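Here's the structure we're looking at; comments come further down.
The values are calculated or read from the model by the stated rules, or taken from the named source; none is laboratory data. Everything quoted here is computed from the prediction, not taken from an experiment. Neighbour counts run over all protein chains shown; Cβ positions are idealised from the backbone, glycine included.
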Amino acid sequence: SSHYCPHCIDAKDGPTPTPHTHNIGDSYIQQSIEIPPPLSTRAPTRMTNSPSGPHIIYIVTDTCYPTAQSLEANIGSTHIISVHSTKSAANSRAKKIIYDNDSGCTVDIDKIIEEVKQGMYVGIGIGAKNEKEGCCFARKCEVEGKIVDEDSDSEETSGESGESEFIDATNDGEGE
């Protein structure tokens, strides 16, 4: 006779058998709740990797100018060094490249001119005079912002620190 809902019987039967059956129900409910999480933990990571709509990536380029004329005309050989999701990561990378001063295009470290345009780093170095022929006259490492659409998103944009993407987007990198 005590096989209906525990709360209805409470009044008549008193609390004897009901707490026990209630507990079994509880633990059963908890178990069934603990099954789905793997699915829900997978979903947010996809969302952080591809923010919807166009977003900005920051490209670090390294340009060598063989002569003074090529620097004035802004014609040099440019290599893309890396791609970052935040301005600050790209800025520090560009700065590191020009001060590392390798790759056959060396400059006078004391004469590096640094500036920040729209929060993006530009470093220009003039080559050391005592170098052999064929070396570069100047070198420029800079950060360029590029807008990419979500569907044309390629692998190299992720892999940098994606977590800080949204925090850094508001930071203009001025005070760094």
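In the stretch 122-130, is there at least one residue being at pLDDT 60 or above, at negative phi and surrounded by fewer than 11 Cβ atoms within 10 Å (Cβ to Cβ)? The answer is yes, given that some residue of the stretch 122-130 is at pLDDT 60 or above, at negative phi and surrounded by fewer than 11 Cβ atoms within 10 Å (Cβ to Cβ). Selection within the stretch 96-114: residues that are outside any loop (DSSP other than H, G, I, E, B) and buried (at least 18 other Cβ atoms within 10 Å of the Cβ). The member of this set that is modelled with the lowest pLDDT is V107. Residues of the stretch 83-98 that are closer than 18 Å to I147 by Cβ and either outside the structural domain of A138 (by TED's automatic domain parsing) or without any contact (Cβ under 8 Å) to a residue 60 or more places away in the chain (or both): A90 alone.
Scanning the stretch 63-86 for residues that are among the hydrophobic types (A, V, I, L, M, F, W, C), part of a strand (DSSP E or B) and surrounded by 13 or more Cβ atoms within 10 Å (Cβ to Cβ) yields a count of 3. Residues of the stretch 47-70 that are closer than 16 Å to C141 by Cα and at pLDDT 90 or above: Y58, I59, V60, T61, D62, T63, C64, Y65, S70.
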